[in-house]
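Asker: The structure that follows is given in the form of structure tokens.
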Amino acid sequence: MALYSEKVMDHFRNPRNVGVIEDADAVGEVGNAKCGDIMKIYLKIDNDVITDVKFETFGCGSAIASASMATELIKGKPLSEALELTNRAVVEALDGLPTHKIHCSVLAEEVIKAALKDYYDRNGIAYDPAMFPDDHDCENCELH
């Protein structure tokens, strides 16, 4: 059996939504010192809907594929739906990731939440801080 699914390979070879949005309404950035992966995401938001999304990722193929898939899953969605995106949904949409690469999907979930927190902060929108965990330990990354 192949280590990576065809969807992972496709999103690695042909990542969707790569780039920068210069006048983004929200920006999120997360990284993991242990694995070296860094993800940055840019959102354009209109009437609480994500109208455009771009990302930059420094990391392995699984990190690139996870970020690419995550952008596809939230583009055109209301903020409330984007906030509910889990790393499990990213992994399932990619038809799986090897256990030792699950942390890549966790970073994809976290970078979206970081961008949404940035949007709420920029616009003075109240939120429950528990919706936006500060950090995690990738040694114990698992599907949520």
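The values are calculated or read from the model by the stated rules, or taken from the named source; none is laboratory data. Predicted model, so just to flag it, every value in this text is computed and none were measured. A quick note on method: Cβ atoms are made from the backbone with ideal geometry, for glycine too, and the neighbour counts reach across all protein chains shown.
Asker: In this structure, is ALA63 surrounded by 14 or more Cβ atoms within 10 Å (Cβ to Cβ), of a type in the set (Gly, Ala, Ser) and under 18 Å from ALA24 (Cβ atoms)?
Answerer: So ALA63 does not fit the description; no.
Asker: Can you name the residue in segment 110-137 that is among the β-branched types (Val, Ile, Thr) and touching a residue at least 24 places away in the same chain (Cβ under 8 Å) and, of all such residues, is farthest from GLY31 (Cα to Cα)?
Answerer: If we take residues in segment 110-137 being among the β-branched types (Val, Ile, Thr) and touching a residue at least 24 places away in the same chain (Cβ under 8 Å), then ILE112 is farthest from GLY31 (Cα to Cα).
Asker: Between residues in segment 38-65 that are free of Cβ contacts under 8 Å to residues at least 60 places away in the same chain and closer than 12 Å to VAL18 by Cα and residues that are among the small types (Gly, Ala, Ser) and surrounded by fewer than 19 Cβ atoms within 10 Å (Cβ to Cβ), which pairs lie under 7 Å by C-beta distance while being six or more apart or on different chains?
Answerer: So the pair list comes out as LYS54/GLY19.
Asker: Turning to a different aspect of this structure: Looking at LEU85, LEU97, LEU107 in this structure, which one is among the aliphatic types (A, V, I, L, M), under 11 Å from the mean Cα position of the chain (by Cα), farther than 16 Å from GLU29 by Cα and modelled with pLDDT of 95 or more?
Answerer: After applying the criteria, what remains is LEU85.
Asker: How many residues does segment 5-42 hold that are modelled with pLDDT under 95 and of a type outside the set (A, V, I, L, M)?
Answerer: So the count comes out to 6.
Asker: Hey, among the residues in segment 14-60 that are among the polar types (S, T, N, Q) and not in a loop (DSSP other than H, G, I, E, B), which one's surrounded by the fewest Cβ atoms within 10 Å (Cβ to Cβ)?
Answerer: Going through the qualifying residues, I end up with THR51.
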